[in-house]
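Report on the following structure.
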Amino acid sequence: MQLKIAVCDDEYKIQFMMEEFLQTILDEYAIEAEVECYSSGEEFCRSFDKGKFDLIFLDIEYAGMNGVEIGKYIREEVGDENVQIAYVSGKTGYAMELFEYRPINFLVKPVEKKDIRRVVDKYLLLNHQRQENFQYKVGKDVFQVALSDILYFSSRGRKVTLHKNNEEAEFYGTLEQIYSSVKGKRFLYVHKSYIINYHFIKKMEYDQVTLCNGVSIPISQSRRTAIRKQFHELKKEEI
């Protein structure tokens with residue numbers, strides 16, 4: 001495995017320190033990594049392309065284009081849903097504002113080596129989802145899709161639709177069967193007709209959830225308490 005990591009901070013000493021922490025930790029894990037450092041949000045966005053990085057450590061209090069605006073640029077303008085973002089700040093209280101851009105974690109300065117290790121460990125755990133596949137059958141043909149590419153499943157009658165960003169696939173089955181294979185892998189069974197991938201949640205409300213592609217999905221009344229509990233447990237792992 002080789003990781004491509006960006007460190008975005010306008011203080012050079014913090015760039016150097018975080019790069020050193022990363023290299024030490026990844027050497028311990030025998031993981032090769034390429035780390036690039038950026039001193040301004042504008043500089044980073046000019047060089048950013050979808051799929052260029054696996055993990056970004058992003059300072060919030062940039063002069064000019066700040067970390068929240070950069071997160072919005074990555075998720076909404078470029079449309080990169082797979083890169084993991086760890087926000088870094090000298091202040092607390094950003095959690096709800098940043099949730100919309102699905103960060104992997106929120107670190108408060110001064111950042112310590114154990115903080116960086118926690119983010120790396122979390123990235124490796126989530127990356128395992130990318131390497132796991134969901135398998136389904138259409139006729140005699142068998143297809144596989146990475147769990148990390150699936151936004152949600154919906155069902156109508158005996159047909160299930162698998163939804164990706166710009167693609168859908170239909171096959172026969174039940175959501176109960178599907179949930180038995182994705183349970184414990186960051187999927188939420190929010191409604192008798194919907195299973196969603198937590199990673200793509202943009203906004204969680206009492207009776208519905210909005211995904212990053214703008215689709216709103218209802219939460220069954222009977223499931224709301226359990227779903228809220230699951231949601232907050234998963235959220236605690238990341239912020």
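The table below gives the values:
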{"read-out": "Probe 1.4 Å, protein heavy atoms only - accessible area per residue of the chain in square angstrom", "value": "51 Å²"}
{"read-out": "Computed lengthening from Lys159 to Val142, 0.36 nm per intervening residue step minus Cα-Cα distance", "value": "4.5 nm"}
{"read-out": "Lysines whose Cα lies under 19 Å from that of Lys137, excluding same-chain neighbours fewer than 8 positions away", "value": "Lys159, Lys164"}
{"read-out": "Amide H contacts of Leu107 (H built 1.01 Å from N, under 5 Å, at least 5 apart or other chain)", "value": "Tyr87, Val88, Ser89"}
{"read-out": "Segment 1-123 - percent of accessible surface contributed by carbon and sulfur, probe 1.4 Å", "value": "49 percent"}
{"read-out": "Within the chain, longest stretch free of exposed trypsin sites (Lys or Arg not before Pro) [DSSP loop, at most 16 other beta carbons within 10 Å]", "value": "1-49"}
{"read-out": "Estimated distance in nm for a label pair at Ser180 and Lys52, the labels positioned 7 Å out from Cα along Cα-to-Cβ", "value": "4.6 nm"}
{"read-out": "Per-residue ³J(HN,Hα) for segment 16-30, Karplus 6.51 cos²θ - 1.76 cosθ + 1.60, θ = phi - 60°, Hz, x for Gly and Pro", "value": "4, 5, 5, 4, 5, 4, 4, 5, 5, 5, 5, 4, 4, 8, 6"}
{"read-out": "Sites Glu43 and Lys236, calculated FRET efficiency, Cβ-Cβ separation with R0 35 Å, nearest 0.05", "value": "0.55"}
{"read-out": "Within segment 1-71: Cβ-based charge dipole about Cα centre, in debye rounded to nearest 20 (Lys, Arg +1; Asp, Glu -1)", "value": "240 debye"}
{"read-out": "Listed residues Tyr123, Tyr87, Tyr206, most fluctuating in the chain (Gaussian network, C-alpha, under 10 Å)", "value": "Tyr206"}
{"read-out": "Rounded to 10°, Cα long-axis angle of helix 113-131 versus longest principal axis of the chain", "value": "30 degrees"}
{"read-out": "Segment 80-87 - phi-based ³J(HN,Hα) in whole Hz, Karplus 6.51/-1.76/1.60, Gly and Pro as x", "value": "8, 9, 8, 5, 8, 10, 10, 7"}
{"read-out": "Label-to-label distance, nm, for residues given as Ser216 and Glu11 (7 Å Cα→Cβ offset)", "value": "4.2 nm"}
{"read-out": "Surface share of carbon and sulfur [accessible, 1.4 angstrom probe, percent] for segment 174-239", "value": "47 percent"}
{"read-out": "Where GluC sites (Glu not before Pro) in DSSP loops with at most 16 other Cβ within 10 Å are excluded, longest remaining stretch of the chain", "value": "62-111"}
{"read-out": "Virtual spin-label span in nm between Ala226 and Asn133, 7 Å along Cα→Cβ", "value": "3.0 nm"}
{"read-out": "Gain on full stretching of the segment that runs from Glu168 to Glu76 - 0.36 nm per residue minus C-alpha separation", "value": "31.1 nm"}
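The values are calculated or read from the model by the stated rules, or taken from the named source; none is laboratory data. Treat the numbers as computed from the prediction; the structure is a model and nothing was measured. Backbone-built Cβ (ideal geometry, glycine too); neighbour counts: all protein chains shown. With ligands, DNA and RNA removed, areas are computed over all heavy atoms of the protein, side chains included. Shrake-Rupley method; radii C 1.70, N 1.55, O 1.52, S 1.80 Å.
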